[in-house]
Number of protein chains: 2
Amino acid sequence: MRPGAAIPDSARQDLERLLGVDRFLTAGVDREAYAWDNTGHRVLPDAVALVTTEDEVCGVLRLCQAYRIPVTPRGAGTGNVGGCLAVFGGVVLSTQQMNRILEVSVADRYAVVEAGVVNGDLQKRLGDEDLFWPPDPSSARSCTVGGNIAMCSAGPGAVRWGVARDWVLGLEAVLMNGEKIRTGGRTTKGVVGFDMTRLLIGSEGTLAVVTRAILKLASKPEKRYLSRISFASVELAASAVSRLLSARQIPSAIEFLDGSALDLLRRETSVPIAVEARAMLLLEVAGAALGLKEQVEVMLESIKNFQPLEWTQPVEGAEAARVWEARSALSPILKRLAPKRINEDVVVPVSRLPLLMDGLEKISRASGIPIVSFGHAGNGNIHVNLLVDPQNATIMALVGGVLDRVFRLVLDLDGSLSGEHGVGTQKRDYIAWELDKNCLNLQKEIKRIFDPMGLLNPGKIWPLTEVQQG
Amino acid sequence: MRPGAAIPDSARQDLERLLGVDRFLTAGVDREAYAWDNTGHRVLPDAVALVTTEDEVCGVLRLCQAYRIPVTPRGAGTGNVGGCLAVFGGVVLSTQQMNRILEVSVADRYAVVEAGVVNGDLQKRLGDEDLFWPPDPSSARSCTVGGNIAMCSAGPGAVRWGVARDWVLGLEAVLMNGEKIRTGGRTTKGVVGFDMTRLLIGSEGTLAVVTRAILKLASKPEKRYLSRISFASVELAASAVSRLLSARQIPSAIEFLDGSALDLLRRETSVPIAVEARAMLLLEVAGAALGLKEQVEVMLESIKNFQPLEWTQPVEGAEAARVWEARSALSPILKRLAPKRINEDVVVPVSRLPLLMDGLEKISRASGIPIVSFGHAGNGNIHVNLLVDPQNATIMALVGGVLDRVFRLVLDLDGSLSGEHGVGTQKRDYIAWELDKNCLNLQKEIKRIFDPMGLLNPGKIWPLTEVQQG
């Protein structure tokens with residue numbers, strides 16, 4: 001089945017009977033809202049199923065399998081790799097209306113939520129109990145927990161708290177054949193059978209549709225202090241990052257901006273930046289208020305060896321938000337200057353950051369494509385932005401070769417093609433660069449066990465030629 | 001193939017050619033050392049392969065598959081569920097001679113080790129760099145990293161640092177057909193493809209033989225303070241545990257002893273214990289020395305509501321070792337009093353600990369089998385010891401029914417049958433009590449993908465009747 005192929009009348013009738021016409025959308029105007037994600041690509045699905053219960057998920061999947069209709073699960077559509085786009089047409093299954101927080105156990109530090117709960121809404125609810133769920137993608141205000149789980153999402157806090165896979169105790173999910181599965185449970189330990197919970201996390205909705213999750217919770221830090229530090233070189237900044245990671249309390253964020261990012265900020269904002277600065281770190285430390293500021297000062301002292309050009313005194317609250325601006329201003333500026341920029345999400349061991357930056361600069365110079373890099377230095381996870389103008393055919397012809405060079409560079413530095421965005425459609429042609437053949441084959445066979453007809457989120461993770469059987 | 005079945009002459013010759021006669025052991029006296037684990041059951045393998053390289057692992061597995069000989073991977077044999085016993089006969093593959101620490105990166109906070117490296121040896125090496133690898137099973141001085149990974153091991157520190165699955169970045173492993181696979185890598189983030197690393201961790205050596213691991217490291221705490229606190233009831237102790245978990249710095253251990261354990265200590269040791277005490281906690285907090293003792297005092301203050309009967313001032317170093325004695329003395333005492341005790345390893349959400357203890361007491365009273373419980377209260381992970389005398393046929397006839405009741409109780413309390421020991425042969429008949437049918441079937445199919453002939457560590461995890469095809 002291909003985009004635009006109509007859903008057979010009998011299938012449509014069955015699905016309408018199941019969900020009602022208000023929740024099985026086939027009109028173009030209704031489907032449009034489910035045609036986009038953060039890649040900017042538009043793929044109009046043939047229909048949209050707005051499910052409200054797990055049984056409805058079972059029903060939709062069972063019917064779609066019977067009619068051989070592809071199903072693409074979708075949270076809030078904030079992903080960066082096309083993971084929620086119905087590239088093979090068929091039905092987009094939206095979990096956004098499954099958005100109940102079913103249980104918050106303070107004594108046992110877990111929450112049970114439906115997949116469509118918005119990350120930010122959950123945090124608000126948990127904040128009342130001085131708890132939080134650590135995954136903190138920049139889309140937290142709109143992205144769903146189900147999406148976070150599908151993509152194993154994370155954000156700046158990953159350096160201290162880890163990623164989605166570290167904060168899920170158990171899952172309820174539905175297979176493409178409509179059967180339910182349960183993984184894990186309500187305990188923080190458990191070694192009975194294979195780790196099916198983590199097999200589902202990060203599987204990009206290709207194995208099962210997660211309907212409910214038991215989330216492990218953390219104590220909300222009382223305060224967060226932030227400081228901005230600039231360096232004359234990436235080498236010095238990267239050495240400072242390694243030092244900061246050896247602190248006994250790991251920072252809650254160590255963000256990085258490269259020289260090009262600083263040039264942009266100099267031109268477009270009033271953020272004060274030392275003339276010679278070619279790298280900047282944002283250091284955030286979170287914890288109990290007592291002694292926290294002093295702790296940050298000790299950390300700042302510990303990196304004086306690496307000749308910071310300047311640093312701001314650690315601040316919190318509204319003042320911290322202003323310091324953070326150096327980082328948060330970047331994406332909007334880039335979006336304005338290069339609306340069709342290509343945003344990659346590579347990751348290397350921290351000590352290889354200087355080699356990565358050096359290599360990127362060479363690639364940029366050779367191709368004439370400006371590259372602006374920033375991201376989560378504490379994890380070596382860098383967002384590499386190629387500022388391209390899609391109208392410029394000469395430049396666009398180079399993009400493929402440039403991405404090839406970027407990915408080759410990253411892998412040569414013992415890195416990975418994606419730290420938090422995933423593969424989706426965007427990196428599927430590169431997956432064999434990173435994974436060895438045997439491992440890749442096992443994954444394809446696992447996919448076949450879960451979804452023998454290849455109907456669940458087809459076109460994702462693997463090159464098209466290799467696995468589609470739908 | 002069944003225990004005692006001879007290995008065909010041609011297979012023996014091929015394997016001796018591969019490893020030499022010194023490392024392919026067939027004499028009974030040589031095999032005896034590989035016939036045991038911590039269950040106390042003896043299962044003599046037909047042969048033992050002492051491998052030293054990954055290529056030898058490939059060779060052994062390839063030959064054994066060709067000859068249809070079962071292979072049971074083995075670390076140090078410290079497991080508690082028969083996981084390394086060759087219950088289907090064939091070859092025990094020992095990784096103990098693959099014990100090199102290949103790389104320690106301080107800047108990137110990882111170590112690359114062979115599977116046979118002893119946990120304690122690794123910690124010693126890492127201590128030089130103020131680093132450590134958090135999994136801390138009580139067998140740390142002898143168990144191997146490969147065994148820790150196979151079983152997803154942990155110890156008291158899990159409450160703060162998590163378990164083996166949280167501290168492995170990547171793996172090298174060999175499939176039963178002799179093919180190598182690589183999972184994960186050297187970065188602390190990565191979402192390219194399914195999470196094969198964690199699929200292998202905790203799979204009890206049934207999917208592949210792990211040969212090498214890239215381990216994530218943590219900063220070694222400067223100091224650890226310990227305090228012993230006793231309560232008049234499990235309810236009060238469990239409430240204190242929940243409160244302690246809400247501290248902004250999670251304790252590095254919250255160990256628990258039940259009333260029967262305290263009775264034992266009263267009788268067999270000079271550990272001072274309040275007369276009315278029916279539950280005891282050991283609270284350990286680790287971190288930078290500055291202010292740490294005060295932090296523990298604040299934590300102790302925070303649980304005064306729960307009417308502790310007495311508590312010791314937080315101490316460190318040798319003094320802490322003496323306080324810890326209340327916990328460490330228990331296993332030896334139990335071993336002496338009831339050498340054939342049955343040690344289960346259940347886990348429930350922390351708030352359910354009182355109901356668990358209450359239920360266990362009822363089961364003990366009804367059966368006449370004394371039950372002593374202690375363990376990792378911070379994770380709700382309790383070691384339940386049935387003190388049975390194997391000579392007493394009347395009692396032994398009750399054991400099956402008692403275990404059934406214990407496991408039913410645990411599952412009714414939203415718990416799991418094993419927090420850290422695993423399934424092996426010991427809990428295979430109960431796995432369907434915990435896992436739903438669909439999830440279990442998926443796991444069996446995954447097993448078949450990795451090991452179609454069912455030759456790798458057969459007889460583990462699933463009931464015998466269901467999956468053996470060797």
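Computed quantities for the displayed model
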| read-out | value |
| --- | --- |
| Residue in the range B:270-286 that is within 23 Å of B:Gly162 (Cα to Cα) and either within 14 Å of chain A (Cβ to nearest Cβ) or in a loop (DSSP other than H, G, I, E, B) (or both) present | yes |
| Filtered residues of the range B:75-102 (kept if assigned to a strand (DSSP E or B) and either closer than 28 Å to B:Ala11 by Cβ or touching a Phe, Trp or Tyr at 6+ places or on another chain (Cβ under 8 Å) (or both)) | B:Val91, B:Val92, B:Leu93, B:Ser94 |
| Hey, B:Thr72 part of a loop (DSSP other than H, G, I, E, B) and polar (S, T, N, Q) or not | no |
| Condition check for B:Asp414: at positive phi, within 21 Å of the chain's Cα centre (by Cα) and outside the structural domain of B:Arg74 (by TED's automatic domain parsing) | yes |
| Test for B:Ile382: is it outside any loop (DSSP other than H, G, I, E, B), within 12 Å of B:Val348 (Cα to Cα) and β-branched (Val, Ile, Thr) | yes |
| Residues of the range B:358-372 satisfying the condition of being closer than 27 Å to B:Arg428 by Cβ and part of a helix (DSSP H, G or I) | B:Gly359, B:Leu360, B:Lys362, B:Ile363, B:Ser364, B:Ala366, B:Ser367 |
| Matching option when the condition is away from chain B (no Cβ under 14 Å) and more than 19 Å from A:Val348 (Cβ to Cβ), among A:Leu257, A:Leu265 | A:Leu265 |
| Residue in the range B:304-325 that is in contact (Cβ under 8 Å) with a residue 24 or more places away in the chain, under 24 Å from the mean Cα position of the chain (by Cα) and over 30 Å from B:Gly127 (Cβ atoms) present | no |
| All positions within the range B:214-234 that are closer than 15 Å to B:Gln123 by Cα and of a type in the set (A, V, I, L, M, F, W, C) | B:Ile214, B:Leu215, B:Leu217, B:Ala218 |
| Hits in the range B:333-357 (condition: touching a Gly at 6+ places or on another chain (Cβ under 8 Å), part of a strand (DSSP E or B) and either of a type in the set (Val, Ile, Thr) or not assigned by TED's automatic domain parsing to the domain that holds B:Gly419 (or both)) | B:Val346, B:Val347 |
| Of residues in the range B:48-62 being under 25 Å from the mean Cα position of the chain (by Cα) and more than 16 Å from B:Asn177 (Cβ to Cβ), the one surrounded by the fewest Cβ atoms within 10 Å (Cβ to Cβ) | B:Thr52 |
| Pair list, Cβ < 7 Å and 6+ apart or interchain, from the range B:428-446 residues that are free of Cβ contacts under 8 Å to residues at least 40 places away in the same chain to residues that are crowded, with 19+ Cβ neighbours inside 10 Å and hydroxyl-bearing (Ser, Thr, Tyr) | B:Glu434/B:Ser416; B:Cys439/A:Thr183 |
| B:Ala253 being modelled with pLDDT of 95 or more, more than 18 Å from B:Gly75 (Cα to Cα) and under 19 Å from the mean Cα position of the chain (by Cα) | yes |
| Test: residue in the range A:388-409 that is at the interface with chain B (Cβ under 9 Å from one of its Cβ atoms), hydrophobic (A, V, I, L, M, F, W, C) and assigned to a loop (DSSP other than H, G, I, E, B) | no |
| Filter pass, A:Leu50 being at pLDDT 95 or above, touching a strand residue (DSSP E or B) at 6+ places or on another chain (Cβ under 6 Å) and either among the acidic types (Asp, Glu) or over 25 Å from A:Gly422 (Cα atoms) (or both) | no |
| Any chance B:Gly459 is more than 14 Å from chain A (Cβ to nearest Cβ), part of a loop (DSSP other than H, G, I, E, B), modelled with pLDDT of 95 or more and crowded, with 20+ Cβ neighbours inside 10 Å | yes |
| Residue list for the range B:436-458, restricted to those being among the β-branched types (Val, Ile, Thr) and under 15 Å from A:Thr183 (Cβ atoms) | B:Ile446 |
| Residue match in the range A:50-58 (condition: in a strand (DSSP E or B) and either in the same structural domain as A:Asn343 (by TED's automatic domain parsing) or not β-branched (Val, Ile, Thr) (or both)) | yes |
| Residue match in the range B:389-397 (condition: crowded, with 19+ Cβ neighbours inside 10 Å and touching a Pro at 6+ places or on another chain (Cβ under 9 Å)) | no |
| Qualifying positions in the range B:382-403 - under 23 Å from the mean Cα position of the chain (by Cα) and not aliphatic (A, V, I, L, M) | B:His383, B:Asn385, B:Gly400 |
| Any hit, the range A:263-280, residues being at pLDDT 95 or above and closer than 16 Å to A:His376 by Cα | yes |
| Of all residues making up the range A:336-380, the number that are of a type in the set (A, V, I, L, M, F, W, C) and either within 14 Å of chain B (Cβ to nearest Cβ) or without any contact (Cβ under 8 Å) to a residue 40 or more places away in the chain (or both) | 10 |
| Residues within the range B:419-456 that are within 11 Å of chain A (Cβ to nearest Cβ) and under 27 Å from B:Ile382 (Cβ atoms), tallied | 18 |
| Close pairs from the range B:261-273: first surrounded by 22 or more Cβ atoms within 10 Å (Cβ to Cβ), partner among the polar types (S, T, N, Q), Cβ under 7 Å, at least 6 apart | B:Ala261/B:Ser373 |
| Residue ranges of strands (runs of 3 or more DSSP E) in the range A:110-213 with at least 2 members at pLDDT 95 or above and away from chain B (no Cβ under 11 Å) | A:110-114 |
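Results for (1) more than 25 Å from B:Ser105 (Cα to Cα); (2) touching a residue at least 60 places away in the same chain (Cβ under 8 Å); (3) surrounded by fewer than 22 Cβ atoms within 10 Å (Cβ to Cβ), shown as yes or no for each residue.
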{"site": "B:Trp161", "(1), (2), (3)": "no, yes, yes"}
{"site": "B:Leu171", "(1), (2), (3)": "no, no, no"}
{"site": "B:Val191", "(1), (2), (3)": "no, no, no"}
{"site": "B:Phe194", "(1), (2), (3)": "yes, no, no"}
{"site": "B:Thr197", "(1), (2), (3)": "no, no, no"}
{"site": "B:Ile214", "(1), (2), (3)": "no, yes, no"}
{"site": "B:Glu222", "(1), (2), (3)": "no, yes, yes"}
{"site": "B:Arg228", "(1), (2), (3)": "yes, yes, no"}
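The values are calculated or read from the model by the stated rules, or taken from the named source; none is laboratory data. Just so we're clear, the structure is a prediction, and the values are computed from it rather than from any experiment. All Cβ positions, even for glycine, are placed from backbone atoms using ideal geometry, and neighbour counts span all protein chains on display.
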